[in-house]
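Chemist: I am attaching a structure below and will ask some questions about it afterwards.
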Amino acid sequence: MSDLHERARELDAADPLAGHRAEFALDEGTVYLDGNSLGALPAHVPARMADVIGREWGELRIRSWDESGWWTAPERIGDRIAPLVGAAPGRIVVGDSTSVNVFKAVVAATRLAGEGRDEILVDATTFPTDGYIAESAARMTGHRIVPLDPADIPGAAGPRTALALVNHVDYRTGRLHDLPGTTAALRAAGALAVWDLCHSAGALPVGLDAHGVDLAVGCTYKYLNGGPGSPAYLYVAERHQAAFDSPLPGWNSHADPFGMTPGYRAADGAVRGRVGTPDILSTLALEAALDVWDGVDVNAVRAKSLALTDFFLECVRAYVPEGRVVSVTPEAHAERGSQVALSCPDAAAVMPELIARGVVGDLRRPDVLRFGFTPLYVGFADTERAARVLADVLAAAS
Ligand SMILES: *Cc1c(COP(=O)(O)O)cnc(C)c1O
(Lines give C-alpha, C1' and ligand atoms only; values in the text may rest on other atoms or scores of the structure.)
Protein backbone atom coordinates (compact mmCIF):
# COMPACT_ATOMS: atom_id res chain seq x y z
CA MET A 1 0.00 0.00 0.00
CA SER A 2 2.64 2.51 0.98
CA ASP A 3 4.37 1.95 -2.38
CA LEU A 4 1.45 3.36 -4.28
CA HIS A 5 1.07 6.14 -1.74
CA GLU A 6 4.71 7.09 -2.29
CA ARG A 7 4.34 6.87 -6.10
CA ALA A 8 1.33 9.18 -5.89
CA ARG A 9 3.37 11.80 -4.07
CA GLU A 10 6.11 11.62 -6.70
CA LEU A 11 3.62 11.86 -9.55
CA ASP A 12 1.97 14.90 -7.95
CA ALA A 13 5.35 16.56 -7.44
CA ALA A 14 6.18 16.10 -11.13
CA ASP A 15 2.73 17.10 -12.42
CA PRO A 16 2.88 20.26 -14.58
CA LEU A 17 -0.85 20.90 -14.04
CA ALA A 18 -0.78 20.50 -10.24
CA GLY A 19 -0.81 24.27 -9.64
CA HIS A 20 -4.28 24.64 -11.16
CA ARG A 21 -5.97 22.98 -8.22
CA ALA A 22 -5.55 26.15 -6.16
CA GLU A 23 -7.78 27.96 -8.68
CA PHE A 24 -10.78 25.91 -7.51
CA ALA A 25 -12.93 26.05 -4.39
CA LEU A 26 -12.19 22.58 -3.01
CA ASP A 27 -11.75 21.28 0.52
CA GLU A 28 -8.84 19.05 1.39
CA GLY A 29 -11.10 16.49 3.04
CA THR A 30 -12.88 15.53 -0.18
CA VAL A 31 -11.72 13.70 -3.27
CA TYR A 32 -14.05 15.08 -5.92
CA LEU A 33 -14.46 12.57 -8.74
CA ASP A 34 -17.77 13.86 -10.07
CA GLY A 35 -16.49 16.71 -12.23
CA ASN A 36 -17.80 14.74 -15.22
CA SER A 37 -21.29 15.51 -13.90
CA LEU A 38 -20.85 18.92 -12.24
CA GLY A 39 -17.46 20.59 -12.52
CA ALA A 40 -16.02 22.24 -9.41
CA LEU A 41 -16.37 25.99 -8.84
CA PRO A 42 -13.40 28.11 -9.96
CA ALA A 43 -12.69 30.23 -6.89
CA HIS A 44 -12.85 33.62 -8.64
CA VAL A 45 -16.35 33.14 -10.09
CA PRO A 46 -18.35 34.36 -7.04
CA ALA A 47 -16.63 37.77 -7.07
CA ARG A 48 -17.25 38.12 -10.80
CA MET A 49 -20.92 37.22 -10.32
CA ALA A 50 -21.25 39.72 -7.49
CA ASP A 51 -20.09 42.37 -9.98
CA VAL A 52 -22.41 41.13 -12.72
CA ILE A 53 -25.39 41.23 -10.38
CA GLY A 54 -24.52 44.26 -8.29
CA ARG A 55 -23.07 46.60 -10.89
CA GLU A 56 -23.98 45.37 -14.36
CA TRP A 57 -27.56 44.46 -13.53
CA GLY A 58 -28.07 46.55 -10.37
CA GLU A 59 -26.55 49.83 -11.54
CA LEU A 60 -26.20 49.79 -15.32
CA ARG A 61 -29.41 47.81 -15.85
CA ILE A 62 -30.50 47.90 -19.53
CA ARG A 63 -27.26 49.62 -20.55
CA SER A 64 -25.37 46.40 -19.84
CA TRP A 65 -26.71 44.71 -22.97
CA ASP A 66 -24.27 46.96 -24.86
CA GLU A 67 -21.89 48.42 -22.32
CA SER A 68 -21.16 45.18 -20.45
CA GLY A 69 -21.14 43.06 -23.62
CA TRP A 70 -24.18 41.00 -22.68
CA TRP A 71 -25.65 40.91 -26.18
CA THR A 72 -22.59 39.44 -27.84
CA ALA A 73 -21.68 37.06 -24.99
CA PRO A 74 -22.91 33.88 -26.76
CA GLU A 75 -20.48 34.28 -29.68
CA ARG A 76 -17.67 35.70 -27.56
CA ILE A 77 -17.80 32.74 -25.20
CA GLY A 78 -18.11 30.36 -28.16
CA ASP A 79 -14.74 31.68 -29.28
CA ARG A 80 -13.30 30.91 -25.82
CA ILE A 81 -14.48 27.29 -26.04
CA ALA A 82 -13.30 26.93 -29.65
CA PRO A 83 -9.60 26.22 -28.97
CA LEU A 84 -10.54 23.53 -26.45
CA VAL A 85 -12.36 21.57 -29.16
CA GLY A 86 -10.16 22.45 -32.13
CA ALA A 87 -12.42 25.01 -33.81
CA ALA A 88 -11.49 28.32 -35.39
CA PRO A 89 -13.23 31.46 -34.11
CA GLY A 90 -16.74 32.13 -35.40
CA ARG A 91 -17.97 28.53 -35.43
CA ILE A 92 -19.40 28.08 -31.95
CA VAL A 93 -22.25 29.81 -30.19
CA VAL A 94 -23.24 29.28 -26.56
CA GLY A 95 -26.84 29.03 -25.38
CA ASP A 96 -29.75 26.81 -24.39
CA SER A 97 -29.31 23.29 -23.04
CA THR A 98 -27.54 20.40 -24.73
CA SER A 99 -30.94 18.82 -25.36
CA VAL A 100 -32.16 21.90 -27.26
CA ASN A 101 -28.93 22.04 -29.25
CA VAL A 102 -29.27 18.36 -30.16
CA PHE A 103 -32.68 19.27 -31.61
CA LYS A 104 -31.27 22.21 -33.58
CA ALA A 105 -28.36 20.13 -34.88
CA VAL A 106 -30.37 17.05 -35.88
CA VAL A 107 -33.11 18.97 -37.69
CA ALA A 108 -30.61 21.32 -39.34
CA ALA A 109 -28.55 18.30 -40.45
CA THR A 110 -31.59 16.71 -42.12
CA ARG A 111 -32.12 19.97 -44.00
CA LEU A 112 -28.45 20.15 -45.03
CA ALA A 113 -28.47 16.50 -46.13
CA GLY A 114 -31.21 17.18 -48.66
CA GLU A 115 -33.85 14.98 -50.31
CA GLY A 116 -33.72 11.22 -50.60
CA ARG A 117 -31.88 10.56 -47.36
CA ASP A 118 -34.41 9.31 -44.87
CA GLU A 119 -32.30 7.64 -42.17
CA ILE A 120 -30.83 9.06 -38.98
CA LEU A 121 -28.25 6.76 -37.39
CA VAL A 122 -28.19 7.16 -33.62
CA ASP A 123 -25.69 5.86 -31.13
CA ALA A 124 -27.83 3.26 -29.32
CA THR A 125 -25.77 3.62 -26.14
CA THR A 126 -26.35 7.36 -26.04
CA PHE A 127 -27.24 9.52 -23.07
CA PRO A 128 -31.04 9.18 -23.12
CA THR A 129 -31.91 12.80 -23.92
CA ASP A 130 -30.06 12.64 -27.25
CA GLY A 131 -32.05 9.58 -28.27
CA TYR A 132 -35.39 11.04 -27.18
CA ILE A 133 -34.81 14.29 -29.04
CA ALA A 134 -33.52 12.54 -32.17
CA GLU A 135 -36.61 10.33 -32.22
CA SER A 136 -38.93 13.33 -32.03
CA ALA A 137 -36.90 15.23 -34.65
CA ALA A 138 -37.16 12.18 -36.92
CA ARG A 139 -40.95 12.05 -36.54
CA MET A 140 -41.23 15.75 -37.34
CA THR A 141 -39.04 15.58 -40.41
CA GLY A 142 -40.22 12.22 -41.80
CA HIS A 143 -36.99 10.36 -41.09
CA ARG A 144 -36.42 6.91 -39.65
CA ILE A 145 -34.16 6.29 -36.63
CA VAL A 146 -31.63 3.47 -36.94
CA PRO A 147 -30.12 2.70 -33.51
CA LEU A 148 -26.63 1.27 -33.76
CA ASP A 149 -23.55 0.53 -31.74
CA PRO A 150 -21.22 3.47 -32.52
CA ALA A 151 -18.60 1.02 -33.85
CA ASP A 152 -21.10 -0.10 -36.52
CA ILE A 153 -21.98 3.41 -37.72
CA PRO A 154 -19.17 3.78 -40.29
CA GLY A 155 -20.16 0.53 -42.02
CA ALA A 156 -23.88 1.36 -41.93
CA ALA A 157 -23.66 4.81 -43.55
CA GLY A 158 -25.02 4.75 -47.08
CA PRO A 159 -26.98 6.67 -49.72
CA ARG A 160 -30.06 6.86 -47.48
CA THR A 161 -28.21 8.19 -44.45
CA ALA A 162 -28.88 11.85 -43.68
CA LEU A 163 -26.77 12.02 -40.53
CA ALA A 164 -25.44 10.15 -37.55
CA LEU A 165 -25.69 11.47 -33.99
CA VAL A 166 -22.83 10.02 -31.97
CA ASN A 167 -21.30 10.57 -28.53
CA HIS A 168 -17.59 11.15 -28.48
CA VAL A 169 -17.30 9.53 -25.03
CA ASP A 170 -19.95 7.23 -23.58
CA TYR A 171 -21.31 8.76 -20.35
CA ARG A 172 -21.72 5.38 -18.68
CA THR A 173 -18.67 3.30 -19.61
CA GLY A 174 -16.22 6.08 -20.44
CA ARG A 175 -15.56 4.52 -23.86
CA LEU A 176 -14.02 6.96 -26.36
CA HIS A 177 -15.37 6.53 -29.87
CA ASP A 178 -13.45 7.01 -33.10
CA LEU A 179 -14.36 10.57 -34.13
CA PRO A 180 -11.93 10.92 -37.07
CA GLY A 181 -12.75 7.55 -38.64
CA THR A 182 -16.51 7.74 -38.10
CA THR A 183 -16.68 11.29 -39.41
CA ALA A 184 -14.69 10.38 -42.52
CA ALA A 185 -16.91 7.36 -43.24
CA LEU A 186 -20.09 9.41 -42.86
CA ARG A 187 -18.81 12.16 -45.11
CA ALA A 188 -17.66 9.62 -47.72
CA ALA A 189 -21.26 8.34 -47.75
CA GLY A 190 -22.54 11.88 -48.27
CA ALA A 191 -24.00 12.04 -44.75
CA LEU A 192 -23.37 14.48 -41.91
CA ALA A 193 -21.54 13.71 -38.67
CA VAL A 194 -23.15 15.26 -35.58
CA TRP A 195 -21.10 14.74 -32.42
CA ASP A 196 -22.06 15.17 -28.77
CA LEU A 197 -18.98 16.35 -26.87
CA CYS A 198 -20.45 16.48 -23.34
CA HIS A 199 -17.84 14.08 -21.96
CA SER A 200 -14.86 15.11 -24.06
CA ALA A 201 -14.58 18.91 -24.22
CA GLY A 202 -12.18 19.94 -21.46
CA ALA A 203 -10.91 16.39 -21.01
CA LEU A 204 -9.24 15.53 -24.32
CA PRO A 205 -8.46 17.06 -27.72
CA VAL A 206 -11.38 16.88 -30.15
CA GLY A 207 -10.14 18.43 -33.41
CA LEU A 208 -13.53 19.48 -34.85
CA ASP A 209 -12.12 21.47 -37.78
CA ALA A 210 -9.21 19.12 -38.48
CA HIS A 211 -11.43 16.05 -38.70
CA GLY A 212 -14.13 17.69 -40.80
CA VAL A 213 -16.96 17.32 -38.28
CA ASP A 214 -20.19 18.82 -39.62
CA LEU A 215 -22.07 19.82 -36.46
CA ALA A 216 -21.42 19.31 -32.76
CA VAL A 217 -23.01 20.08 -29.42
CA GLY A 218 -21.81 19.88 -25.85
CA CYS A 219 -22.50 21.00 -22.33
CA THR A 220 -20.34 23.32 -20.22
CA TYR A 221 -21.17 22.28 -16.65
CA LYS A 222 -19.10 19.06 -16.69
CA TYR A 223 -15.40 19.32 -17.58
CA LEU A 224 -15.72 23.05 -18.40
CA ASN A 225 -16.91 23.98 -14.86
CA GLY A 226 -19.54 26.49 -16.04
CA GLY A 227 -21.88 25.87 -13.09
CA PRO A 228 -25.16 24.00 -12.66
CA GLY A 229 -27.22 24.26 -15.86
CA SER A 230 -24.73 26.58 -17.57
CA PRO A 231 -25.52 27.02 -21.28
CA ALA A 232 -24.50 24.45 -23.85
CA TYR A 233 -22.87 25.16 -27.22
CA LEU A 234 -23.40 24.45 -30.89
CA TYR A 235 -20.64 24.12 -33.49
CA VAL A 236 -21.39 24.57 -37.18
CA ALA A 237 -18.56 23.84 -39.65
CA GLU A 238 -17.70 26.84 -41.77
CA ARG A 239 -18.79 25.10 -45.00
CA HIS A 240 -22.34 24.69 -43.60
CA GLN A 241 -22.83 28.10 -42.05
CA ALA A 242 -24.45 29.79 -45.06
CA ALA A 243 -27.00 26.96 -45.46
CA PHE A 244 -27.54 26.19 -41.76
CA ASP A 245 -31.32 26.42 -41.37
CA SER A 246 -32.23 26.41 -37.69
CA PRO A 247 -35.52 24.82 -36.69
CA LEU A 248 -35.69 27.41 -33.87
CA PRO A 249 -35.16 30.70 -35.73
CA GLY A 250 -35.70 33.05 -32.82
CA TRP A 251 -35.17 36.77 -33.00
CA ASN A 252 -31.64 36.54 -31.56
CA SER A 253 -30.52 34.80 -34.76
CA HIS A 254 -32.06 37.41 -37.06
CA ALA A 255 -29.75 39.46 -39.27
CA ASP A 256 -31.32 42.62 -37.80
CA PRO A 257 -32.84 41.65 -34.45
CA PHE A 258 -33.80 45.18 -33.48
CA GLY A 259 -35.40 45.84 -36.86
CA MET A 260 -38.30 43.85 -35.35
CA THR A 261 -39.52 42.99 -38.84
CA PRO A 262 -42.19 40.35 -39.44
CA GLY A 263 -40.12 38.31 -41.92
CA TYR A 264 -37.23 36.14 -40.76
CA ARG A 265 -33.79 36.66 -42.26
CA ALA A 266 -30.96 34.64 -40.73
CA ALA A 267 -27.78 36.31 -39.49
CA ASP A 268 -24.44 35.17 -40.87
CA GLY A 269 -22.16 32.82 -39.01
CA ALA A 270 -22.46 31.13 -35.65
CA VAL A 271 -25.08 33.66 -34.49
CA ARG A 272 -27.53 31.66 -36.58
CA GLY A 273 -27.54 29.05 -33.83
CA ARG A 274 -28.99 31.49 -31.28
CA VAL A 275 -32.67 31.41 -30.35
CA GLY A 276 -33.96 33.85 -27.70
CA THR A 277 -32.57 36.10 -24.99
CA PRO A 278 -29.55 34.43 -23.41
CA ASP A 279 -29.49 33.43 -19.77
CA ILE A 280 -26.96 36.13 -18.86
CA LEU A 281 -26.21 35.11 -15.28
CA SER A 282 -25.32 31.53 -16.21
CA THR A 283 -23.64 32.64 -19.40
CA LEU A 284 -21.33 35.08 -17.62
CA ALA A 285 -20.56 32.58 -14.85
CA LEU A 286 -19.42 30.25 -17.63
CA GLU A 287 -17.32 32.99 -19.20
CA ALA A 288 -15.53 33.63 -15.90
CA ALA A 289 -15.10 29.90 -15.28
CA LEU A 290 -13.31 29.52 -18.62
CA ASP A 291 -10.44 31.67 -17.29
CA VAL A 292 -8.94 28.53 -15.73
CA TRP A 293 -8.19 27.27 -19.25
CA ASP A 294 -6.07 30.28 -20.22
CA GLY A 295 -2.67 28.97 -21.28
CA VAL A 296 -3.62 25.33 -20.67
CA ASP A 297 -2.60 22.86 -23.37
CA VAL A 298 -5.38 20.30 -23.97
CA ASN A 299 -2.73 17.71 -24.85
CA ALA A 300 -1.23 18.08 -21.37
CA VAL A 301 -4.72 17.63 -19.91
CA ARG A 302 -5.16 14.46 -21.94
CA ALA A 303 -1.77 13.08 -20.88
CA LYS A 304 -2.60 13.64 -17.21
CA SER A 305 -6.11 12.26 -17.60
CA LEU A 306 -4.74 8.99 -18.98
CA ALA A 307 -2.07 8.85 -16.27
CA LEU A 308 -4.75 9.37 -13.59
CA THR A 309 -7.12 6.72 -14.93
CA ASP A 310 -4.23 4.25 -15.44
CA PHE A 311 -3.10 4.89 -11.88
CA PHE A 312 -6.62 4.51 -10.48
CA LEU A 313 -7.03 1.16 -12.24
CA GLU A 314 -3.63 0.06 -10.91
CA CYS A 315 -4.56 1.07 -7.34
CA VAL A 316 -7.94 -0.67 -7.59
CA ARG A 317 -6.21 -3.86 -8.77
CA ALA A 318 -3.75 -3.63 -5.89
CA TYR A 319 -6.25 -2.84 -3.10
CA VAL A 320 -9.57 -4.42 -4.07
CA PRO A 321 -9.86 -8.22 -3.92
CA GLU A 322 -10.17 -9.82 -7.35
CA GLY A 323 -13.71 -9.98 -8.69
CA ARG A 324 -15.34 -7.44 -6.33
CA VAL A 325 -15.44 -4.83 -9.06
CA VAL A 326 -14.98 -5.13 -12.83
CA SER A 327 -13.92 -2.16 -14.95
CA VAL A 328 -16.25 -1.52 -17.86
CA THR A 329 -13.96 1.25 -19.13
CA PRO A 330 -11.63 0.19 -21.95
CA GLU A 331 -7.96 -0.44 -21.10
CA ALA A 332 -6.71 0.89 -24.46
CA HIS A 333 -5.90 4.59 -24.27
CA ALA A 334 -7.35 5.16 -27.73
CA GLU A 335 -10.72 3.94 -26.42
CA ARG A 336 -10.78 5.63 -23.01
CA GLY A 337 -12.25 8.98 -22.04
CA SER A 338 -11.59 10.65 -18.69
CA GLN A 339 -13.55 8.46 -16.31
CA VAL A 340 -13.40 4.97 -14.87
CA ALA A 341 -16.64 3.02 -14.49
CA LEU A 342 -16.58 -0.03 -12.26
CA SER A 343 -19.42 -2.50 -12.24
CA CYS A 344 -20.14 -3.83 -8.78
CA PRO A 345 -23.22 -5.76 -7.63
CA ASP A 346 -23.57 -3.61 -4.45
CA ALA A 347 -22.92 -0.31 -6.25
CA ALA A 348 -26.14 1.26 -4.90
CA ALA A 349 -24.97 0.70 -1.30
CA VAL A 350 -21.28 1.36 -1.97
CA MET A 351 -21.53 4.84 -3.51
CA PRO A 352 -23.33 6.52 -0.56
CA GLU A 353 -20.74 5.00 1.77
CA LEU A 354 -17.89 6.29 -0.41
CA ILE A 355 -19.43 9.77 -0.39
CA ALA A 356 -19.82 9.62 3.41
CA ARG A 357 -16.07 8.90 3.57
CA GLY A 358 -15.20 11.86 1.36
CA VAL A 359 -14.81 10.15 -2.02
CA VAL A 360 -17.44 11.63 -4.32
CA GLY A 361 -18.25 9.73 -7.48
CA ASP A 362 -21.69 8.78 -8.71
CA LEU A 363 -23.92 5.81 -9.38
CA ARG A 364 -25.39 4.83 -12.71
CA ARG A 365 -28.08 2.32 -11.94
CA PRO A 366 -28.15 -0.55 -11.50
CA ASP A 367 -24.54 -1.44 -10.87
CA VAL A 368 -22.03 1.14 -12.15
CA LEU A 369 -19.75 3.20 -9.89
CA ARG A 370 -18.56 6.18 -11.94
CA PHE A 371 -15.38 8.12 -11.15
CA GLY A 372 -14.59 11.17 -13.27
CA PHE A 373 -11.02 12.47 -13.50
CA THR A 374 -10.66 16.20 -14.08
CA PRO A 375 -6.94 16.88 -14.56
CA LEU A 376 -7.03 20.53 -13.52
CA TYR A 377 -8.01 19.71 -9.95
CA VAL A 378 -7.64 15.99 -9.27
CA GLY A 379 -4.21 14.66 -8.33
CA PHE A 380 -2.55 11.29 -7.92
CA ALA A 381 -2.77 11.27 -4.10
CA ASP A 382 -6.53 11.84 -4.46
CA THR A 383 -6.65 8.94 -6.88
CA GLU A 384 -4.77 6.58 -4.56
CA ARG A 385 -6.99 7.60 -1.65
CA ALA A 386 -10.16 6.97 -3.67
CA ALA A 387 -9.06 3.41 -4.48
CA ARG A 388 -8.03 2.77 -0.85
CA VAL A 389 -11.37 4.03 0.51
CA LEU A 390 -13.21 1.93 -2.08
CA ALA A 391 -11.33 -1.15 -0.86
CA ASP A 392 -12.21 -0.28 2.78
CA VAL A 393 -15.89 0.17 1.95
CA LEU A 394 -16.01 -3.12 0.06
CA ALA A 395 -14.20 -4.92 2.90
CA ALA A 396 -16.69 -3.53 5.43
CA ALA A 397 -19.59 -4.63 3.23
CA SER A 398 -18.46 -8.25 2.87
C1 LIG B 1 -24.74 15.55 -19.74
C2 LIG B 1 -25.24 15.15 -21.09
C3 LIG B 1 -26.36 15.75 -21.66
C4 LIG B 1 -27.15 16.74 -20.87
O5 LIG B 1 -28.15 17.37 -21.59
P6 LIG B 1 -28.84 18.66 -20.94
O7 LIG B 1 -29.78 19.11 -21.95
O8 LIG B 1 -27.72 19.62 -20.62
O9 LIG B 1 -29.49 18.22 -19.66
C10 LIG B 1 -26.72 15.38 -22.95
N11 LIG B 1 -26.01 14.46 -23.63
C12 LIG B 1 -24.93 13.85 -23.10
C13 LIG B 1 -24.16 12.87 -23.90
C14 LIG B 1 -24.51 14.17 -21.81
O15 LIG B 1 -23.46 13.56 -21.28
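The values are calculated or read from the model by the stated rules, or taken from the named source; none is laboratory data. From a predicted model like this one, the values you see are computed outputs, not experimental measurements. Ideal geometry is used to build each Cβ from the backbone, glycine not excepted, and the neighbour counts take in all protein chains shown. These area figures cover heavy atoms from the full protein model, side chains too; ligands, DNA and RNA do not enter into them. Shrake-Rupley method; radii C 1.70, N 1.55, O 1.52, S 1.80 Å.
Chemist: Could you identify which residue out of 273, 227, 19 has the top mean-square fluctuation in a GNM of the chain using Cα springs shorter than 10 Å?
Modeler: 19
Chemist: For the chain, give me the percentage of DSSP beta bridges that are antiparallel, rounded to the nearest 5 percent.
Modeler: Restricted to the chain, the bridges split so that about 50 percent are antiparallel.
Chemist: So if each residue of separation counts as 0.36 nm, and I subtract the Cα-Cα distance between residue 13 and residue 355, what length gain in nm does that give?
Modeler: Using 0.36 nm per residue and subtracting the Cα-Cα distance, I get 120.5 nm.
Chemist: Now, a different point. Which ³J(HN,Hα) values in Hz, rounded to whole numbers, follow from the phi angles of region 159-169 under the Karplus curve 6.51 cos²θ - 1.76 cosθ + 1.60, where θ = phi - 60° and Gly and Pro get x?
Modeler: Listing the rounded values in order: x, 9, 7, 7, 7, 10, 10, 10, 8, 5, 10 Hz.
Chemist: May I pose another question? With charges only on Cβ, +1 for K and R and -1 for D and E, what is the dipole size of region 63-160 about its Cα centre, in debye, rounded to 20?
Modeler: Taking the Cα centre of region 63-160 as origin, the dipole is about 200 debye.
Chemist: Per residue, how much accessible area does the chain have with a 1.4 Å probe, in Å²?
Modeler: With all protein chains present, the chain gives 40 Å² per residue.
Chemist: Mind pulling the angle between the C-alpha long axis of helix 128-141 and the longest principal axis of the chain? Nearest 10 degrees, somewhere in 0 to 90.
Modeler: The two axes meet at around 20 degrees.
Chemist: Counting GluC sites (Glu not before Pro) as exposed when in a DSSP loop with at most 10 other beta carbons within 10 Å, what is the longest stretch of the chain free of them?
Modeler: The segment 116-321 is the longest one with no such site.
Chemist: Next question, about the same structure. Only Lys, Arg, Asp and Glu count, each charged at its Cβ (+1, +1, -1, -1), so figure out the dipole size of the chain about its Cα centre, rounded to 20 debye.
Modeler: Result for the chain is approximately 760 debye, rounded to the nearest 20.
Chemist: Towards the positive end of the charge dipole of the chain, with charges on Cβ (+1 Lys, Arg; -1 Asp, Glu), say which of 181, 338, 352 has the farthest Cα.
Modeler: 181
Chemist: Tell me the net charge near residue 246. Cut-off is 14 Å between Cβ atoms, residue 246 excluded, with +1 for each Lys or Arg and -1 for each Asp or Glu.
Modeler: Here the charged neighbours net out to +2.
Chemist: Tally Lys/Arg at +1 and Asp/Glu at -1 over every other residue whose Cβ is under 11 Å from the Cβ of residue 167; what's the total?
Modeler: Counting the neighbours of residue 167, the net charge comes to -2.
Chemist: In region 71-293, if the dipole is taken from +1 on Lys/Arg beta carbons and -1 on Asp/Glu beta carbons about the Cα centre, which of 151, 282, 93 is farthest to the positive end?
Modeler: 93
Chemist: Top to bottom by accessible area (1.4 Å), largest first, where do 192, 41, 112 land?
Modeler: Correct descending sequence by accessible area is 41, 112, 192.
Chemist: Let me ask you something else. In degrees from 0 to 90, rounded to the nearest 10, what is the angle of the helix 2-13 Cα long axis to the longest principal axis of the chain?
Modeler: The helix 2-13 is inclined about 40 degrees to the chain.
Chemist: Tell me the angle of helix 347-356 to the major Cα principal axis of the chain, expressed in degrees between 0 and 90 and rounded to the nearest ten.
Modeler: 80
Chemist: Determine ³J(HN,Hα), in whole Hz, for all residues of region 82-90 in sequence, where each value follows from phi through the Karplus function 6.51 cos²θ - 1.76 cosθ + 1.60 and θ = phi - 60°; x replaces Gly and Pro.
Modeler: 3, x, 6, 10, x, 10, 6, x, x
Chemist: Considering only DSSP beta bridges whose two residues both sit in region 71-293, what percent are antiparallel, to the nearest 5?
Modeler: 35
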